Structure formats: C-alpha cells, structure tokens
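The values are calculated or read from the model by the stated rules, or taken from the named source; none is laboratory data. Just so you know, these numbers come straight off a predicted model, no measurement behind them. Virtual Cβ from ideal backbone geometry, glycine too; neighbours counted across all protein chains shown.
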Amino acid sequence: MTTPSKKPKNGELTDSQKADNKLLSKSRIFVEHLIRRVKIFKIIKDFV
C-alpha cells in the first residue's frame, strides 16, 4: 500500500511529488470504481 506524499511544515511539495500523488490518485480511483462494479454485480446476481 502506497500513501501520498504530504506537504512538509513550512514548505511545498516538489513537482515530482505532486506528479506522483496525481498518478497514485488516478490508480486509486480506478481501483475504487472497479470494486464498486463488483459489488453492484453481486447485488444484481443475488437479486435475479
């Protein structure tokens, strides 16, 4: 499990850290949507 980089006290994230966080966010969203689809499919399967 990977966690995003956090802003240090009295500072900013580097451009590299921002890019890494953005990639991580896109991957996380993809996985979360996939899990949602699996759950919906299970509900439909149990309903029919």
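Key figures
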{"read-out": "All positions within region 1-19 that are at pLDDT 95 or above and either of a type in the set (K, R) or within 12 Å of the chain's Cα centre (by Cα) (or both)", "value": "K18"}
{"read-out": "Filter result for S16 (of a type outside the set (A, V, I, L, M) and exposed (fewer than 10 other Cβ atoms within 10 Å of the Cβ))", "value": "yes"}
{"read-out": "Members of region 1-13 that are hydrophobic (A, V, I, L, M, F, W, C) and exposed (fewer than 10 other Cβ atoms within 10 Å of the Cβ)", "value": "M1"}
